[in-house]
Amino acid sequence: MGRRNEPIRVTRSSMPPFAEYAEMIRELWESHWLTNMGDFHQKLEKELKEYLQTRNLSLFVNGHLALEMAIQAFDLTGEVITTPFTFASTTHAIVRNGLTPVFCDIRADDYTLDFEKLESLITERTSAIIPVHVYGNLCNVEEIEAIAKRHQLKVIYDGAHAFGECLDQKGVASFGDACMFSFHATKVFNTIEGGAVAYQDPELACKINGLKNFGILDEETVAMVGGNGKMNEFQAAMGLCNLKHVQQEIEKRKQIYNRYKNRLSGISGIRLCPENPRVTKNYAYMPVVFEGYKKSRDQIFRELEEQGIYPRKYFYPCVNAYQCYRDRFRPEDTPVAKRISQEVLTLPMYADLPLDVVDEICDCILHRTKSKLGQA
Ligand SMILES: *Cc1c(COP(=O)(O)O)cnc(C)c1O
């Protein structure tokens, strides 16, 4: 089969109708107020507090700085426990705060931090846990927070993949001391680039909002060594537009997910994520693990690529195998994460992905390619 005209990538940014966005940003030309917590910023913050069911939320220019500055706001010291099965941002945010990451392995079923291995990694230097709701699979928040409480540790979730998800109808933002969200172009909800931190303690507002604006509290008071993490008005306008459509976006993703599930579940050697009946999902990603399947992950990756379909090896390599961390950590210390990173493929998943392309992807995974059949 020849290459298609348009490549199929792992994701495609969701965008509002052009006229909706154009109409909204017209106001910016009139106001000349482009950033620094303008009207759109305030409006989006308010709407997201409702959508995410949280009282305290601060917008950021991107998810990474939201996490970096949330960590800074808690004045952590020493060691922070996290997982290596995530995007570079999680660990970099810890290291860039002068803290030492300690890698806990992941669970073989949902790839979140393995709470059964957590306690053995806690030392007198540990100050926090940063678990990741990876692929939107929610961590076992009860187990993790019970352990954190026993050892007086802060819990900051990397919720970059968990936008809008609920556990027993309770918004994911309500767990832990804080939760970071990413609104990057590739995420379920986007503000082009963007992010937010939701947090429990209202007293942190001054600090978190101060840190993203150079530590400036008022015209004459600079109280903290902050940075620049402010979301601008064009981003906030995009968020206001996209938020109107996000529920529909998630509904469409669900159709895609169900099609993949119908085709790929129950096949020996192919593992889909388990479904947790307590969780309202956002269908952010479609990770599939090939363990002892007739074709390897890399072979399937190549065969799809030949058809102009580009899945991603999220998350390969593990963070503890990165070139920049190689001399400090060993991937062998987190064997489950190492194995899953070698077996996982994240398949294309976005609202407007045609179902016949999903079928084509599944055909390619399940059968030998046409050219090989021809030779048989
Ligand atoms: C996307 C992502 C981030 C970073 O968010 P940005 O908005 O891209 O800065 C952090 N953690 C995880 C797990 C992510 O997927």
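Nothing in this text is a laboratory measurement; each read-out follows from the coordinates by a stated rule. Everything quoted here is computed from the prediction, not taken from an experiment. No Cβ is skipped: glycine too gets one built from the backbone with ideal geometry, and neighbour counts run over all protein chains shown.
Rounded to the nearest 20, the Cβ-based charge dipole of the stretch 202-351 about its Cα centre (Lys and Arg +1, Asp and Glu -1) stands at 840 debye. Note on the chain: Rg/Rh from C-alpha atoms, Kirkwood Rh, equals 0.98. Taking a ≥ b ≥ c as the square roots of the eigenvalues of the Cα gyration tensor, the stretch 152-245 is classed as oblate, since a/c reaches at least 1.5 and a/b does not exceed b/c. Computed across the stretch 1-103, the Kirkwood radius stands at 17.7 Å (inverse of mean 1/r, all Cα pairs). The calculated FRET efficiency for the pair His32 and Val357, based on their C-beta separation and a Förster distance of 56 Å, comes to about 0.80. Excluding the site residues themselves, the longest part of the chain lacking any GluC sites (Glu not before Pro) in a DSSP loop with at most 13 other Cβ atoms within 10 Å is 1-123. Using the structure shown, select from Lys170/Lys230; Lys254/Lys294; Lys149/Lys187; Lys43/Lys252; Lys261/Lys294; Lys46/Lys149 the pairs with a Cα to Cα distance greater than 24 angstrom. Pairs exceeding 24 Å: Lys170/Lys230; Lys254/Lys294; Lys149/Lys187; Lys43/Lys252; Lys46/Lys149. Among Phe329, Thr346, Cys318, which residue has its Cα positioned farthest towards the positive end of the charge dipole of the stretch 305-350, with +1 placed on the Cβ of Lys and Arg, -1 on the Cβ of Asp and Glu, and the dipole taken about the Cα centre? Checking the options against the dipole of the stretch 305-350, the answer is Phe329. Charge dipole (Cα centre; +1 on Lys/Arg Cβ, -1 on Asp/Glu Cβ; no other charges) of the stretch 37-109 amounts to roughly 120 debye.
The reciprocal of the average 1/r between distinct C-alpha atoms defines the Kirkwood hydrodynamic radius, which for the stretch 219-290 equals 16.2 Å. Taking other C-beta atoms within 10 angstrom as a stand-in for reagent exposure, Ile106, Ile361, Ile8 fall in the order Ile8, Ile361, Ile106, fewest first. By definition, a body whose alpha carbon gyration tensor gives a ≥ b ≥ c is oblate when a/c is 1.5 or more and a/b is not larger than b/c, and the stretch 1-58 fits this oblate description.
Provide, as a two-decimal number, the C-alpha radius of gyration of the stretch 278-323 over 2.2 N^0.38 Å, N being how many residues it has.
1.44
When every Cα-Cα distance of the stretch 234-376 is counted in 10 angstrom steps from zero, the calculated P(r) takes the values 10, 33, 31, 21, 5, 0 percent. Simple point charges give the picture: +1 on the Cβ of Lys and Arg, -1 on the Cβ of Asp and Glu, and for the chain a dipole about the Cα centre of about 1420 debye.
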